[in-house]
1. Does PHE293 satisfy the condition of being under 23 Å from GLN366 (Cα atoms) and out of contact with any Cys (no Cβ under 7 Å at 6 or more places or on another chain)?
2. Does PRO354 satisfy being surrounded by 16 or more Cβ atoms within 10 Å (Cβ to Cβ) and within 23 Å of ALA92 (Cα to Cα)?
3. Considering the stretch 257-272 alone, what residues qualify as being assigned to a helix (DSSP H, G or I), touching a residue at least 24 places away in the same chain (Cβ under 8 Å) and open to solvent by 10 Å² or more (accessible area, probe 1.4 Å)?
4. Restricting to the stretch 163-190, what's the tally of residues that are of a type in the set (Asp, Glu) and not in a loop (DSSP other than H, G, I, E, B)?
5. Among the residues of the stretch 347-372, which ones are in a loop (DSSP other than H, G, I, E, B) and farther than 18 Å from ASP173 by Cβ?
6. If I go through the stretch 273-316 residue by residue, how many of them are β-branched (Val, Ile, Thr), buried (at least 18 other Cβ atoms within 10 Å of the Cβ) and in a loop (DSSP other than H, G, I, E, B)?
7. When the stretch 158-172 is examined, which residues are found to be out of contact with any His (no Cβ under 8 Å at 6 or more places or on another chain) and open to solvent by 10 Å² or more (accessible area, probe 1.4 Å)?
8. Quick one: ASP392 ticks every box in (1) in contact with a helix residue (DSSP H, G or I) (Cβ under 8 Å, 6 or more places away or on another chain); (2) among the charged types (D, E, K, R); (3) over 22 Å from PHE318 (Cα atoms) bar one, so which box is it?
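The values are calculated or read from the model by the stated rules, or taken from the named source; none is laboratory data. Small disclaimer: the values here were computed from a predicted structure and weren't measured. Every residue, glycine as well, gets a Cβ built from its backbone with ideal geometry; the counts of neighbours run over all protein chains shown. To get the accessible areas, we keep the full protein, side chains included, count just its heavy atoms, and leave off ligands, DNA and RNA. Shrake-Rupley method; radii C 1.70, N 1.55, O 1.52, S 1.80 Å.
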Amino acid sequence: MKTNLLLALWACCPLLSSAQSFDFDLTQPQPIYSDETGYGYDILPAPSKNSKEPFYFSVKVPDGNYRVMVELGSKKKAASTTVRAESRRLYAENIVTAKGKTQVVEFAVNKRTPYIDDKTSVKIKTREKGTLTWDNKLTLEFNGDAPAVSGIHIEADNSIPTIYLCGNSTVTDQSYEPWASWGQMFTRWFDANVVVANHAESGLTAGTFIAQNRLAQIMSTIKKGDYVVCEFAHNDEKEKGPGTGAWYHYSRNLKIFIDNVRAKGATIIFCTPTQRRNFSADGLHIQDTHGDFPAAMKAVATREKVPVIDLNQMTKTFFETLGNEGSKRSLVHYPANTFANQPKALADNTHFNPYGAYEIAKMVVQGMKDLKLPILSHLRSDFTDFDPAHPDDVDTFRWAPSRMMEIVKPDGN
């Protein structure tokens, strides 16, 4: 049963006559999820009356894009709620509601399985199996200091413009704390009229992305007016053998992305690779580790007239602004025993933590603004222009950690 506020707001929005829709009144008891019921509380226990614990709610749905409306808050208690979906994609953060008050948040979620057609599927890696990214349900995570949700409305809508993300571990939806990527924070900044479909995966090169049918899956759903954002290099630069390197295999594979995307009437955008935290001996300057790869990407982009967001330069500025020690706080650098079953310190100079990923996502959005892309008409009103030389204060950044944690680093480096 839909809550009154959701009913009132949704009545103002156009509905698709053939849309598959679901409504759940979370002020009433709901089942534990099973494939038989097709909906319910999932992963963690259902919330109790005065609980401040996070919880998940899943709905079994076909692959596609979905408009979601959640009514946050409670008649019985004050609340502070963060909303994520699937593998920790951020949509709303720290929404504070007083006792008896609610607030509706709208967004769009892409849900998929490896299936492409009766003959073809994405060749997902072992580490991807069983994750929320590839299962048969749409999962919402409600977290925060005191999460409270009164109602959920979910409706299929495959007409929404889509921004597809292609890349490696710096882009993918990382399933586990404390790892994070800009792709799963990027969702935060768009309204319900744009959906982000993050097809990136840890350890991939542009070539393995193609070989594993990930580009083929994008091509099976992409439409005119959509966007594809590509960031590759971290793993491409480690390939060995004939034809490898920035100027042949890598450049050729980037051209394959361009040709496929444009054939569908969509727009492709390149992002040069994020820097690794690799300071000079004096601790003042980032030393590049990507060789010719950023230059090769820019050369292909110039030749093919592809817009470029220079994350390579932006993250250099970002790291140098934070400093040799301060920049560790944007990456997975944590003392031993910070997390459960973590006997050794974590010191990763490639993979971002939630704060770092959040800042990189802002760089990508700012890059799109600078390019004056039409899709930015759907940017949320609370985005303010971002300068990597003036990042957000890490001490004021608030992140409600997921209960799903893993100290094993993602593939790639």
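1. Values: under 23 Å from GLN366 (Cα atoms): yes; out of contact with any Cys (no Cβ under 7 Å at 6 or more places or on another chain): yes.
It is true that PHE293 is under 23 Å from GLN366 (Cα atoms) and out of contact with any Cys (no Cβ under 7 Å at 6 or more places or on another chain).
2. Working: surrounded by 16 or more Cβ atoms within 10 Å (Cβ to Cβ): yes; within 23 Å of ALA92 (Cα to Cα): yes.
In short, yes.
3. Looking only at the stretch 257-272, we keep the residues that are assigned to a helix (DSSP H, G or I), and these are 257-263.
Restricting the remaining residues to those that are touching a residue at least 24 places away in the same chain (Cβ under 8 Å) gives 257-258, 260-261.
Scanning the stretch 257-272 gives a single hit, ASN260.
4. As a first pass, look at the stretch 163-190 and keep what is of a type in the set (Asp, Glu): 173, 177.
Of the ones still in play, those that are also not in a loop (DSSP other than H, G, I, E, B) are 177.
Here the count works out to 1.
5. Taking the stretch 347-372 first, the residues in a loop (DSSP other than H, G, I, E, B) are 353, 371-372.
Result: LEU371, LYS372.
6. 2
7. First, the residues of the stretch 158-172 that are out of contact with any His (no Cβ under 8 Å at 6 or more places or on another chain): 158-160, 162-163, 167, 171-172.
Within the stretch 158-172, ASN158, SER159 qualify.
8. Unmet condition: (3).
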